[in-house]
Amino acid sequence: MQGWTAQQRSVVVASFLGWTLDAFDFFLLIFILTDIAQEFGTGAEATSWLVTLTLVMRPLGAFLFGRAADRFGRRPTLMVDVLLYSLLEFASGFSPTFTVLLILRMLYGIAMGGEWGVGASLTMETVPVRSRGFVSGLLQAGYPTGYLLASVVYGLFYESIGWRGMFMIGVLPALLVLYIRRSVPESPSWTETRTAAAPISLLDTIRRHWRLGIYAILLMTAFNFFSHGTQDIYPTFLKVQHGMTPHEVSLIAIVYNIGAIIGGLACGILSERFGRRRVIVIAALLALPALPLWAFSSGAVTLAAGAFLMQVAVQGAWGVIPAHLNELSPEEARGTFPGFVYQTGNLLAAINLTLQTHIAVGNGNDYGMAMALVTGIVAVVIAVLIAFGPERRGVAFGKARLDSEIASAPAE
């Protein structure tokens, strides 16, 4: 961060914490699903809808908050978003019935869906161009950092405060709003384009960039299969197929989340030197040699090593995405485009857990085979999509790019 202004540092801190605390609030739910089922007398299948509907609502949040960010500014929209998801998390702890809790989690999904795109656009438009790769990896590392934080809080406080108290702790991210209000400026690119050019309608943007939109949604669908395909079923794989205790599963989860953070940071930095596409392709394909150790080895140490290497590759590829999507985004829709295509891809990949479970159960509870099959396929798909897709590393943000896009052909 040498040569940065104090305001640029504040933007990065706020956006990183926003995504970290968003993930923290989401993963708190994962740890207490069985307690909720017991409290309200619901089965595991019914309780799983708390997660499913949260994910389903994220594209709506990405669209609504993205449009607000493009119209009213990144900074105020981010403040409203963080405050909203914090208060909804807190309110979840007071749910009198399962139906009320389900509604609150749906609303939380809208708020969660808005944070990533708004925070990423604010950051990428503010930091120096040469720093986008590093900051991209740093922002994406916020997700596994939030997972780690939720794991620590669960281990330290759950026995004392119960599942309702866990939700109430989730109000703490609201304090981030005070920091944003005091220290974070508005995006200079947004300010420049809003004062220098008339707003462009959403329909015009879709008409001129529909091919890019379809490509980005397909890419983010593959990326979400990549991450969810290596994370969601892995604890079940360790417990069911290898008979590990919750303590062993927790330790391995900590190990692979550390790998995720390292991979995201390293590949984000490398993408600034070697290019976004090249680094993503290499990271995605590195998952293939990690497959045997990750899915077919035995013993806690070798499985932990395989999981670590796998997440270095998976989250390494992901670490480039915030910068890559923001650079590809139409100038007038940067608040909307990255978050919406990301969350839409997440929605289309929501079938992953059901798909992998079906494959595993149909093959004698062979979860390793199911994980390897899905992960191997999507790693190759990502490499192909990226290799033949566009790249705009280092592209200018602001009025100059907006004028160029308006003067260009109707579709990209």
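Looking at the range 246-296, which of the residues that are small (G, A, S) and open to solvent by 20 Å² or more (accessible area, probe 1.4 Å) is nearest to the chain's Cα centre (by Cα)? That would be A266.
Could you say which residue among L219, L176, L149 is farther than 26 Å from N326 by Cα and within 23 Å of the chain's Cα centre (by Cα)?
Among L219, L176, L149, only L149 is farther than 26 Å from N326 by Cα and within 23 Å of the chain's Cα centre (by Cα).
Between residues in the range 290-310 that are free of Cβ contacts under 8 Å to residues at least 60 places away in the same chain and residues that are open to solvent by 10 Å² or more (accessible area, probe 1.4 Å) and of a type in the set (S, T, N, Q), which pairs lie under 6 Å by C-beta distance while being six or more apart or on different chains? From residues that are free of Cβ contacts under 8 Å to residues at least 60 places away in the same chain, the pairs are G306/S297. Residue pairs whose Cβ atoms lie under 7 Å apart, sitting 6 or more positions apart in sequence or on different chains, and linking a residue in the range 1-25 that is under 16 Å from L122 (Cβ atoms) and open to solvent by 10 Å² or more (accessible area, probe 1.4 Å) to a partner that is at pLDDT 85 or above and among the aliphatic types (A, V, I, L, M), are Q8/V127; S10/V184; F16/L138; F16/L139; L17/L176; L21/L176. Is it the case that T42 is of a type in the set (V, I, T), free of Cβ contacts under 8 Å to residues at least 60 places away in the same chain, buried (at least 16 other Cβ atoms within 10 Å of the Cβ) and in a loop (DSSP other than H, G, I, E, B)? Yes.
Please enumerate the residues belonging to the range 359-371 that are touching a residue at least 12 places away in the same chain (Cβ under 8 Å) and surrounded by fewer than 21 Cβ atoms within 10 Å (Cβ to Cβ).
Step one: list which residues in the range 359-371 are touching a residue at least 12 places away in the same chain (Cβ under 8 Å), which gives 359-360, 365-371.
Of everything in the range 359-371, those that are touching a residue at least 12 places away in the same chain (Cβ under 8 Å) and surrounded by fewer than 21 Cβ atoms within 10 Å (Cβ to Cβ) turn out to be I359, N365, D366, M369.
Condition test on Y143, is it part of a helix (DSSP H, G or I), open to solvent by 10 Å² or more (accessible area, probe 1.4 Å), under 19 Å from M220 (Cα atoms) and touching a residue at least 24 places away in the same chain (Cβ under 8 Å)? Spelling it out, Y143 is indeed part of a helix (DSSP H, G or I), open to solvent by 10 Å² or more (accessible area, probe 1.4 Å), under 19 Å from M220 (Cα atoms) and touching a residue at least 24 places away in the same chain (Cβ under 8 Å).
Count of the range 146-156 residues, restricted to those that are open to solvent by 20 Å² or more (accessible area, probe 1.4 Å) and in contact with a helix residue (DSSP H, G or I) (Cβ under 7 Å, 6 or more places away or on another chain), is 5. All of R58, R74 fail the test of being in contact (Cβ under 8 Å) with a residue 40 or more places away in the chain and either open to solvent by 40 Å² or more (accessible area, probe 1.4 Å) or closer than 13 Å to M106 by Cβ (or both), apart from R58. One residue stands out in the range 96-124 among those that are in contact (Cβ under 8 Å) with a residue 40 or more places away in the chain and polar (S, T, N, Q): the one that is most open to solvent (accessible area, probe 1.4 Å), namely T97. Scan the range 128-138 for residues that are open to solvent by 10 Å² or more (accessible area, probe 1.4 Å), closer than 13 Å to G268 by Cβ and not small (G, A, S) and the total you get is 3.
The values are calculated or read from the model by the stated rules, or taken from the named source; none is laboratory data. This is a predicted model, so every value here is computed, not measured. Here the Cβ is made from the backbone with ideal geometry for all residues, glycine too, and neighbour counts use every protein chain on show. Just the protein is used for accessible areas: all its heavy atoms, side chains included, with ligands, DNA and RNA removed. Shrake-Rupley method; radii C 1.70, N 1.55, O 1.52, S 1.80 Å.
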